[in-house]
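Asker: Okay, here's the structure, questions in a sec.
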Amino acid sequence: MNARRLSLVAGLTTAAIMLTAALALFAARAGEAAPDFTATDSTGKTQHLADYRGKYVVLEWHNNGCPYTRKHYESGNMENLQREWTARGVVWFTVISSAQGEQGYMTAEQENQYMQQMHAAPTAALLDPSGDLGHLYSAKTTPDMFIINPEGVLIYEGAIDNRATPDASDIPGATNYVSQALTEAMAGRPVSVPVSQPYGCGVKYAH
Amino acid sequence: MFLNRTVESGRLFRAAIFCGVATMACAASAHFGVAKNNPQNEVSAPHVDVQLLTEQKAIQRGHSLWVGLQFQLPSGWHVYWQNPGDSGEPPTVKWNLPTGLHAGDLQWPAPHRLESPSLVDYGYQDGVLLLAPIRVDSTVSPATAVTLQADVRYLACREICVPGKANVALNLPVQSGSATLDSNAHALFEKTRAQLPKPTPAAWRIRAQSMGNAFVLSIATGKSEREGVFFPLDPGEMDNAAPQKASPTTAGIDIRLQKSDQLLKPIAQLRGVVEFGGSRAYEINAPVAESGAQGPSHQSQ
């Protein structure tokens, strides 16, 4: 019995590994399990998605030279969202997938300085110059937003809001899809917009 | 002779403004910069020219005319098609026209696939002329000249993207006789009109089949088509970056398009533009049939 149970556990573990690999191949999709990852943040700490089971996790793809990113940072909109939602227990990862030499690439020191200067307040900024995390989630633009629920399911992917422009004057009155999805999910309601077309600059992946 | 023109591009700009009298067009040129707070991300500023052009030297009461927004970009820069693809944003225009003049929709030539790592955008390398029809009521006063103004917003990208704005204008007399054409502008407009996607001939048979993670767009033109590229009008339906598999058939071509990961519901229509052999472009509006089976394999050769 014990041996059989052990082999069952071994089998399940193999299945789980294969599932992770399959998810990596087919990218992240709203309604499905969010692919697990580990990444190094700008303080040198290793961040493991699975460690945040039980919490909402937001992934925000970032390039500080992109006019669409700057729209949301120079207006204070993104920093306010980070502050508002981390205060409510959400884990917020800013992800930088710009390759070295490309726009938006940041060393750890540069990113820490930038976050201080902008009064940015994510839980951490993940440095992904290889683009592995970006490709795992098929992040297309900056910004491109993803929300993972406490059960580890991706509940939102796409644009930050419904005004696909680089103008900060378009922020007031826009429907912020991230706030909307988090508000709905936390209230136990279905997410009304689980997917939208992300807008912005293309992520500056390594060639 | 001409009204004042203004150019803006957010917080940092230097604008140089001139009017080309010969073509009765006014050009707005701007150098763009990017804020200084990201020293490692300094951008070499693109020089973007936006002009409002027409091929006619005057407008005629009761007749339509074509005007065009011409974008001229430095080598390697692009602006976007009406569906920009994976990133970017199409140019937009807000017309400011005198009473009795009415602007129609911008006409978009077939775009190019602009490929970067993991992404494909749709747009125009180095520039484009976007035409728009202007309808002129017969009640427009014949005595005066009119000024056509356009507020243009656009995003120009190479490796990086820079948004821009231009306010362009055109001053034209109102004429009752037949319109005189500017030959240079007319040649350019003719060339551009020839590049616009055409409605598909009634005899063509066009349909799309949804098969698993792909759409197969079948276009029967009556003869085998060797090359075909599809540009989707609606975002979020197909995976822009996935290679398209074009298979010639005896009566046309089948193009296999991978579905987007973002597509959660079936679609009734696949709309867009198909371009055969890099020159003949047609508007496509294909009804989509669902197919549970894998469907036939589409092999070329």
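Asker: Label A:Ala168 and A:Arg88 with points 7 Å out from Cα along Cα→Cβ: what is the distance between them in nm?
Answerer: 2.4 nm
Asker: With +1 on the Cβ of every Lys and Arg and -1 on the Cβ of every Asp and Glu, and nothing else charged, how large is the dipole of the range A:117-207 about its Cα centre, in debye rounded to the nearest 20?
Answerer: Rounded to the nearest 20 debye, it is 60 debye.
Asker: Provide the three semi-axes, in whole Å and in decreasing order, of the ellipsoid equivalent to the range B:128-194 as defined by the square roots of 5 times the Cα gyration tensor eigenvalues.
Answerer: Taking √(5λ) for each eigenvalue gives 30, 17, 10 Å, largest first.
Asker: Mark the label point 7 Å from the Cα of A:Glu32 along Cα→Cβ and return the residues of the range A:142-156 whose backbone N is within less than 12 Å of it.
Answerer: Only A:154 pass the distance filter.
Asker: Hey, another quick one. Calculate, in nm to one decimal, what B:Asn96 and B:Glu227 gain on full extension: separation in residues at 0.36 nm each, minus their alpha carbon distance.
Answerer: 43.0 nm
Asker: Treat each spin label as a single point 7 Å out from the Cα along the C-beta direction, and report the B:Glu290 to A:Met186 distance in nm.
Answerer: 3.7 nm
Asker: With each pseudo-label sitting 7 Å past Cα toward Cβ, what's the B:Arg271-B:His47 distance in nm, one decimal?
Answerer: Placing both labels 7 Å along Cα→Cβ, they lie 3.9 nm apart.
Asker: Continuing with the same structure: Tell me, what ³J(HN,Hα) does each residue in the range A:145-158 have, in order and in whole Hz, if you take phi through Karplus 6.51 cos²θ - 1.76 cosθ + 1.60 with θ = phi - 60° and put x for Gly and Pro?
Answerer: Calculated HN-Hα couplings, in order: 10, 9, 10, 10, 8, x, 8, x, 9, 6, 10, 8, 8, x Hz.
Asker: I'd like to verify something in chain A: which complete DSSP H helices, judged by Cα projection on the helix axis, reach 20 Å or more and average at least -0.5 on the Kyte-Doolittle scale?
Answerer: A:2-26
Asker: Let me ask something additional. So for the range B:170-301, what percent of the C-alpha to C-alpha distances run longer than 25 Å?
Answerer: That fraction is 36 percent.
Asker: Next up: Please report how far the C-alpha centroid of the range A:73-111 lies from that of the range B:128-173, rounded to the nearest whole angstrom.
Answerer: 38 Å
Asker: In what sequence, largest accessible area first, do B:Arg207, A:Arg163, B:Arg226, B:Arg113 appear using a 1.4 Å probe?
Answerer: Result of the area sort, largest leading: B:Arg226, B:Arg207, A:Arg163, B:Arg113.
Asker: A further question follows. D for chain A, whole µm²/s, Stokes-Einstein with Kirkwood Rh over alpha-carbon pairs at 25 °C and 0.890 mPa s: what number?
Answerer: After rounding, the answer is 140 µm²/s.
Asker: Averaged over A:193-206, how many beta carbons belonging to a partner chain fall within 10 Å of each residue's beta carbon? Can you show the working numbers first?
Answerer: On the way: counts 0, 2, 7, 3, 9, 5, 6, 6, 10, 15, 6, 5, 4, 2.
Averaged over the peptide's residues, the number is 6.
Asker: As an exercise, use a Förster radius of 30 Å and the Cβ-Cβ distance of B:Lys198 and B:Leu263 to find the FRET efficiency, rounded to the nearest 0.05.
Answerer: 0.60
The values are calculated or read from the model by the stated rules, or taken from the named source; none is laboratory data. Quick caveat, the model's predicted, so the values are computed rather than measured. Glycine gets a Cβ as well: all are built from the backbone with ideal geometry, and neighbour counts include every protein chain shown. Please note that ligands, DNA and RNA were not included when accessible areas were found on the heavy atoms of the full protein model with its side chains. Shrake-Rupley method; radii C 1.70, N 1.55, O 1.52, S 1.80 Å.
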